[in-house]
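Beneath this line is the structure, given in structure tokens, with notes to follow.
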Amino acid sequence: MTTVSIRRSGGGSVTLDRSAVEGLKAELRGSLLLPGEDGYDASRTVWNAMINRRPALVVHCAGVNDIKRAVDFARAHGLLTSVKGGGHNIAGSAVCDGGFLIDLSGMRSVRVDPEARVAHVEPGATLGDFDSEAQAFGLATPLGINSTTGVAGLTLGGGFGWFSRKHGMTIDNLLAVDVITADGRFVRANGRENVDLFWALRGGGGNFGIVTRFEFRLHPLGPGVLSGLVVYPLNEAASALKQYRQFAKEQSEETTVWTVLRKAPPLPFLPPEVHGTEIIAFALFHAGDPEVGRKAIEPVRHFGKALGEHIGVQPYRSWQQAFDPLLTPGARNYWKSHNFADLSDGAIETTIKYVGNLPSPHCEIFFGQIGGASMRHAADSAAYPHRNTMYVCNVHGRWDTPAEDRSGMEWARGFFRDTAPHATGGVYVNFLTEDESDRVNAAYGPNYQRLAEIKKKYDPLNMFQINQNIRPAA
Ligand SMILES: Cc1cc2nc3c(=O)[nH]c(=O)nc-3n(C[C@H](O)[C@H](O)[C@H](O)COP(=O)(O)OP(=O)(O)OC[C@H]3O[C@@H](n4cnc5c(N)ncnc54)[C@H](O)[C@@H]3O)c2cc1C
């Protein structure tokens, strides 16, 4: 190694000499990686293949000391710095071109205290890691629907999944965090200590420091949960969605039903002639007694004449992995997202129109149902403000080749534009793409100014800027 030219956070670049880089390397328990070295490509690769960035230097962290050393190094040299947890963010905000990557993905410990019903989670753990450890004791907390997603990024944006109607957003179950702040301090934040930081981290993303430990409240769940799918043809979607919106108003908080419109994957319970045709699927989950769940979900089985269904009691961990085959890393993905308080006739019509014109067989439009317990907190109880949201809608553009980018993105943007009048105007920060920095205000709404003040206190020079950035208050 001779020297490393690396971008600075305020613009321009700096040349690091050999002794500086070797000095950092000597302090680490993990590895320091340069382009071309073993592990470099794994560190820089993220879920969305549209993101292909090459940092100049990577610290693959093995522990809190490595994180602290990396932050101190970044600050001392003024480096453009990104932080990687599970690497799932659609905007690719885990990586930066030509800068410094602090990669936490090797730190995946999840330690469960079954008596206290608390989980201590390292920042590289995935949802699958978490569920595996917590379910060993029949416990869970609300997380997302794809097991390879990182707990860290999901939690820092708010987090929701199958269990959120019963127990709230992921952040509503976050008890405490340990953080390395931009000035290199180790800080604990919870409901009593550094309360402002704890408020900001519950939704404010990676703007305020690097979380080195998350502490979550756990709830009994499963291991068997009633869950599954009911599938109808697209020509029944309008009627099914209208019945669904009524059902949602009467539904218990233990039951969650998401809906997705797409081309049918080759699911074994669907007749082969249905594969590849446009369908609407309802994904069902009941977080209580399966027999109660069976009765609760019964109306969904009669929204029309189903093409097929697959419902039963299965391990919660299996259900948490059920959608993994449709969400594998390595495809090109482009999302647009809105929050909805209800589904208007106009939103339903527009959705069906766009599903009739899918640009690739992997594209889909889904409505992730939350509501329930996630609505029981004030909009200013944490940085995440969207407590009026019943459905988080995501138009998930997904295809294989760059040649498809243009038509796929135009389709997603068209849907977004045409459904905007029916949406709340708010958006889940974790669903924003890299070209949507103008929507950060919509992601934080009335909480933005308070976040900017807290940013000024903990990261006045905006070291943590590769994210949906909250700028320090003037
Ligand atoms: C297939 C798929 C399914 C999804 N399903 C859901 C879902 O059901 N529910 C839901 O709520 N969300 C869901 N999401 C969105 C998900 O919450 C975000 O993509 C989230 O950012 C992923 O976190 P990560 O750690 O994997 O990402 P990363 O890309 O590693 O990080 C995301 C952001 O968080 C920052 N960050 C990461 N770790 C830390 C840390 N320890 N300290 C400070 N900052 C950090 C990063 O710098 C980056 O800005 C899904 C995403 C995908 C791709």
Could you tell me which of the residues Tyr458, Tyr428 is under 19 Å from the mean Cα position of the chain (by Cα) and surrounded by 22 or more Cβ atoms within 10 Å (Cβ to Cβ)?
Tyr428
Failed criterion for Asn357 (all others in (1) farther than 30 Å from Arg439 by Cβ; (2) part of a loop (DSSP other than H, G, I, E, B) hold):
(1)
Members of segment 168-189 found to be within 14 Å of the ligand (Cβ to nearest atom) and not in a strand (DSSP E or B), listed by number
Gly168, Met169, Thr170, Ile171, Asp172, Asn173, Thr181, Ala182
Please verify whether Arg417 is of a type in the set (Lys, Arg), under 21 Å from the mean Cα position of the chain (by Cα) and under 18 Å from Phe340 (Cβ atoms), treating the condition exactly as stated.
no
Which numbered condition Ala379 misses (of (1) touching a residue at least 40 places away in the same chain (Cβ under 8 Å); (2) more than 16 Å from the ligand (Cβ to nearest atom); (3) touching a strand residue (DSSP E or B) at 6+ places or on another chain (Cβ under 8 Å))
(3)
Would a scan of segment 309-326 turn up a residue that is more than 30 Å from Gly150 (Cβ to Cβ), surrounded by fewer than 17 Cβ atoms within 10 Å (Cβ to Cβ) and modelled with pLDDT of 95 or more?
no
Which residue pairs have Cβ atoms closer than 7 Å, lie 6 or more positions apart in sequence or on different chains, and pair a first residue in segment 426-440 that is among the basic types (Lys, Arg) with a second residue that is crowded, with 24+ Cβ neighbours inside 10 Å?
Arg439/Val427; Arg439/Leu432
Please tell me if Tyr334 is assigned to a helix (DSSP H, G or I) and touching a residue at least 24 places away in the same chain (Cβ under 8 Å).
no
Which residue out of Ser43, Ser9 is surrounded by 17 or more Cβ atoms within 10 Å (Cβ to Cβ), of a type in the set (Ser, Thr, Tyr) and closer than 28 Å to Val110 by Cα?
Ser43
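Give the residue that is farthest from Val59 (Cα to Cα), with candidates limited to residues of segment 109-123 that are in a loop (DSSP other than H, G, I, E, B) and more than 8 Å from the ligand (Cβ to nearest atom). Give the steps one after another, and end with the answer.
Residues of segment 109-123 in a loop (DSSP other than H, G, I, E, B): 109, 114-117, 122-123.
Narrowing further to those that are more than 8 Å from the ligand (Cβ to nearest atom): 109, 114-117, 122.
On the way: Ser109: 18, Pro114: 33, Glu115: 36, Ala116: 34, Arg117: 33, Glu122: 16 Å.
Restricting to residues being in a loop (DSSP other than H, G, I, E, B) and more than 8 Å from the ligand (Cβ to nearest atom), the top hit is Glu115.
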Of the conditions (1) in a helix (DSSP H, G or I); (2) out of contact with any helix residue (DSSP H, G or I) (no Cβ under 6 Å at 6 or more places or on another chain); (3) small (Gly, Ala, Ser), Ala373 clears all except one; give me its number.
(2)
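The values are calculated or read from the model by the stated rules, or taken from the named source; none is laboratory data. Here the structure is a predicted model, which is why all the values come from computation and not from measurement. We place every Cβ from the backbone using ideal geometry, glycine too, and count neighbours over all the protein chains shown.
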